[in-house]
1. Given the options VAL281, VAL315, VAL238, VAL344, name the one that is out of contact with any Gly (no Cβ under 9 Å at 6 or more places or on another chain), under 25 Å from ALA128 (Cβ atoms) and among the hydrophobic types (A, V, I, L, M, F, W, C).
2. With the condition being surrounded by 13 or more Cβ atoms within 10 Å (Cβ to Cβ) and in contact (Cβ under 8 Å) with a residue 24 or more places away in the chain, I'd like the strands (runs of 3 or more DSSP E) fully within the stretch 271-359 carrying at least 3 qualifying residues.
3. Among what's in the stretch 170-211 and is exposed (fewer than 13 other Cβ atoms within 10 Å of the Cβ), free of Cβ contacts under 8 Å to residues at least 60 places away in the same chain and closer than 20 Å to ALA142 by Cα, pick the residue that is farthest from ligand 1 (Cβ to nearest atom).
4. Inspect all residues belonging to the stretch 212-225 and state whether any of them is within 16 Å of ligand 2 (Cβ to nearest atom), assigned to a strand (DSSP E or B) and either at negative phi or touching a residue at least 60 places away in the same chain (Cβ under 8 Å) (or both).
5. What number goes with the only condition from (1) within 16 Å of ligand 1 (Cβ to nearest atom); (2) among the acidic types (Asp, Glu); (3) modelled with pLDDT of 90 or more that GLU149 does not pass?
6. If you take the residues in the stretch 109-163 that are in a loop (DSSP other than H, G, I, E, B), more than 25 Å from the chain's Cα centre (by Cα) and away from ligand 2 (no atom under 16 Å from the Cβ), which one is surrounded by the most Cβ atoms within 10 Å (Cβ to Cβ)?
7. Kindly indicate whether any position in the stretch 160-167 is of a type outside the set (Val, Ile, Thr), without any contact (Cβ under 8 Å) to a residue 60 or more places away in the chain, within 16 Å of ligand 1 (Cβ to nearest atom) and more than 19 Å from GLU127 (Cα to Cα).
8. Counting only residues that are at pLDDT below 90 and aliphatic (A, V, I, L, M), which one in the stretch 1-50 is surrounded by the most Cβ atoms within 10 Å (Cβ to Cβ)?
Amino acid sequence: MKDYYATLGVSKDASSDEIKKAYRKLALQYHPDKNPGDKAAEERFKEINEAYAVLSDPDKRANYDRYGTEAPQMGGFPGGGFGDIFDLFEQVFGFRSPTAQRSSAPRGEDLEAVVELTLEEAFSGKEAEVTYHRLVPCESCAGSGGKRETCPACRGRGVQEQIQQSFFGTMRTQVPCATCRGRGYRITETCPTCKGQGRKERQEKISVSIPAGIDENQLLRVSGMGNINLGGPGDLFVRIHLQPHPHLEREGPNLFYRLRLGLAQATLGARVEIPGIDGPVPLDIPPGTEHGEIFEMDGKGMPYPGRRGRGSLRVVTEIAVPKQLSKKARQLLEEYAKEVGEEVHPEGFWDRLKRVFKS
Ligand SMILES: [Zn+2]
Ligand SMILES: [Zn+2]
């Protein structure tokens with residue numbers, strides 16, 4: 001159990017004035033505006049405010065003294081982040097800090113944009129230009145949506161206390177204010193430029209650095225380039241889409257190429273050139289190469305993103321069987337067949353067959 005009295009450095013029977021005095025001193029000392037970037041001070045500031053929120057309220061203090069908690073049951077506290085703590089500070093000191101405004105207002109939404117790349121561009125990386133739309137605060141009303149008035153129902157707190165009778169007795173819970181839907185204000189005069197939305201769409205054009213080796217569907221985060229809201233901007237996520245390559249296929253860091261080999265090339269062996277991603281690569285095909293063999297060429301694939309080295313280029317063979325032969329080629333092949341003892345159809349067999357069926 002937290003000792004709220006110790007947090008504020010007062011005794012258990014301290015008067016409300018003594019508690020307030022202790023709070024004022026400590027809140028000023030540990031205020032985040034006075035200790036920028038100091039996480040410990042921020043934590044301390046939260047604790048001080050939590051303690052004061054309980055001890056400054058006679059009902060909550062009585063409950064705390066009796067049960068060790070400020071209420072029989074804690075209700076859900078909407079938006080119970082830093083903003084509400086600054087609310088308390090504002091009530092006591094009469095001013096709101098810039099930090100408070102930043103942390104209590106909602107942050108803008110994240111956005112997604114797609115960049116299409118060729119495989120060559122993914123191989124070498126590039127500066128890509130991305131054009132997209134995002135919401136920015138309306139200039140006419142500075143993002144407020146119009147003329148504002150503190151919500152009279154909740155007096156700007158954004159929450160309402162609900163009192164319910166239950167088996168355990170009276171229960172107090174806090175719910176978002178129904179009048180202002182938790183915003184703490186209402187708009188009395190709608191801004192004509194943004195029609196009360198507070199934000200307008202704007203086209204953006206930015207340059208995004210795409211690292212070499214990037215793959216399909218990968219996301220690049222561009223910090224602060226999402227929608228802007230009063231609480232700050234969201235991020236932009238750039239999704240990579242790779243266009244299909246005319247003759248190379250990709251699987252992670254490896255590339256695949258289908259090599260069509262002629263009968264003679266497969267049988268006798270050949271030196272061929274593979275059209276790699278960054279230029280032709282010579283490859284020796286040994287005699288007697290079969291259909292579907294794979295030749296792995298290390299370091300000729302895609303670069304590994306963010307580190308040295310490249311994957312492989314895998315060459316898969318396909319034996320191309322000729323569909324049409326010149327008279328000379330046919331003669332030679334028939335001679336070859338006779339030599340190795342393969343039985344084949346004699347010359348003109350199909351032509352004679354066709355004649356037979358016609359008559
Ligand atoms: Zn309200
Ligand atoms: Zn506006």
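1. That would be VAL238, the only listed residue that is out of contact with any Gly (no Cβ under 9 Å at 6 or more places or on another chain), under 25 Å from ALA128 (Cβ atoms) and among the hydrophobic types (A, V, I, L, M, F, W, C).
2. Ranges flagged: 279-285, 313-320.
3. If we take residues in the stretch 170-211 being exposed (fewer than 13 other Cβ atoms within 10 Å of the Cβ), free of Cβ contacts under 8 Å to residues at least 60 places away in the same chain and closer than 20 Å to ALA142 by Cα, then PRO192 is farthest from ligand 1 (Cβ to nearest atom).
4. no
5. If we test GLU149 against (1) within 16 Å of ligand 1 (Cβ to nearest atom); (2) among the acidic types (Asp, Glu); (3) modelled with pLDDT of 90 or more, just (3) comes out false.
6. Per the criteria, the residue is GLY158.
7. Looking for residues that are of a type outside the set (Val, Ile, Thr), without any contact (Cβ under 8 Å) to a residue 60 or more places away in the chain, within 16 Å of ligand 1 (Cβ to nearest atom) and more than 19 Å from GLU127 (Cα to Cα), one finds at least one in the stretch 160-167, hence yes.
8. ALA27
The values are calculated or read from the model by the stated rules, or taken from the named source; none is laboratory data. Quick caveat: nothing in here was measured; it's all calculated off a predicted structure. As a convention, Cβ positions derive from the backbone with ideal geometry for all residues, glycine included, and neighbour counts pool all protein chains shown.
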